[in-house]
1. Can you give the FRET efficiency for residue A:90 and residue B:32, using 1/(1 + (r/R0)^6), R0 = 51 Å, r = Cβ-Cβ distance, to the nearest 0.05?
2. Could you work out how far apart the two model spin labels at residue B:94 and residue B:57 are, taking each label as a point 7 Å from the Cα in the direction of the beta carbon, and quote it in nm?
3. Calculate the radius of gyration of the Cα atoms of region B:31-104 to one decimal place, then report Dmax, the largest Cα-Cα distance, as a whole number, both in Å.
4. Helix-derived [θ] at 222 nm for the protein assembly as shown: sum -39500 (n - 2.57) over DSSP H runs of at least 4, divide by residue count, nearest 500?
5. Can you compute the modelled spin-label distance between residue B:201 and residue A:157, with each label point 7 Å from Cα toward Cβ, in nm?
6. At 0.36 nm per residue, minus the direct Cα-Cα distance, what do residue A:5 and residue A:150 gain on full extension? Give it in nm, one decimal, please.
7. If the elastic network links every pair of Cα atoms under 10 Å, which of B:112, B:127, B:95 fluctuates the most in the Gaussian network model of chain B?
8. Past the 24 angstrom mark, what percentage of all C-alpha to C-alpha distances in region B:1-157 do you count?
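Nothing in this text is a laboratory measurement; each read-out follows from the coordinates by a stated rule. In this text the structure is predicted, and so the values were computed from the model without any measurement. So basically every Cβ, Gly included, is an ideal-geometry build from the backbone, and we count neighbours across all protein chains shown.
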């Protein structure tokens, strides 16, 4: 497993349009009943008048490098795979909710059995060489799943396309409007 | 089931929850007897709340040698018949949350029961109702998750997160009145503030 790099889920908030395809497809892929949501699209209103804007941000597990949930788990049910994916061994979970209190993103979910479950970055798909369901099905390609280097390259490419079409600081200007 | 959730960003470490809890449970203001404790790690900056989370598979139930701790399958509550406790501290050392407290007045190890009598009237636990900053909430875990996600999203798109506000004199008066109504014990706002200062001093010295 050595040498496999940490993958992350990156959300390009300028592209997300709040269609919730990721939420829907996540529920289907992971066969989730009503209740647990491995990802959730949040809505934040900013500005007023002509600068008013509704922003969207899907919040899946961030698979933190130094994950607070793994540190908080008293039974060692949460662990980090060598490729950086944070997973839970449900049989070891005692349902103490410490991970939910530790997580800054509110990711840990609890289903009918009271044990913790969470976004697995679709580990079964990753192992087959496919993208996670949310990233593969996002119509705006707002969710990227890759190594940080590769994501940086993709974002630079997107910026350069924008710059060629609308001028060099077009996307930066829009960022200002967002804030 | 509903549990007590804690938002450190809204907690000013005023100690009202701990004072109210020790008052309603033991009849005197002594934060060391409180079933909820705000942990700070050597400063007055709140980190987490140590309070019973009523685990799905509680370690204290298996640890208890007298078998006086039970997990109610229907309500999900972890309850204890503490009259029979012989204070072996097995529950204290096994608790992953650090929620067990030794109560001298009852001669037992105790933990939060989510203010059961109150909840029969459909009210939230006293600490949640008394918290002036709204840092304590009584909610389902899914609601806690949605709130945390929204808080994170708001911090992404807007500039500054809110600072926790220290309760002003009016709020202390309100807390004092509420305690008088609930427990029938007159706790002066000045006394409460003195307790808060003592609590902060102890926290800074690293308890």
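1. Working: r = 36 Å, r/R0 = 0.72.
Working from the Cβ atoms, E equals 0.90.
2. Reported label-point gap for residue B:94 and residue B:57 is 1.3 nm.
3. When restricted to Cα atoms, region B:31-104 yields Rg and Dmax of 13.2, 40 Å.
4. On the way: 15 runs with 136 residues, N = 386.
When only DSSP H runs of four or more count, the value is -10000 deg cm²/dmol.
5. Each label point lies 7 Å from its Cα, and together they span 6.4 nm.
6. Details: separation 145, 0.36 × 145 = 52.20 nm, distance 1.10 nm.
Difference between extended and current length: 51.1 nm.
7. Of B:112, B:127, B:95, the most mobile in the Gaussian network model is B:95.
8. That fraction is 34 percent.
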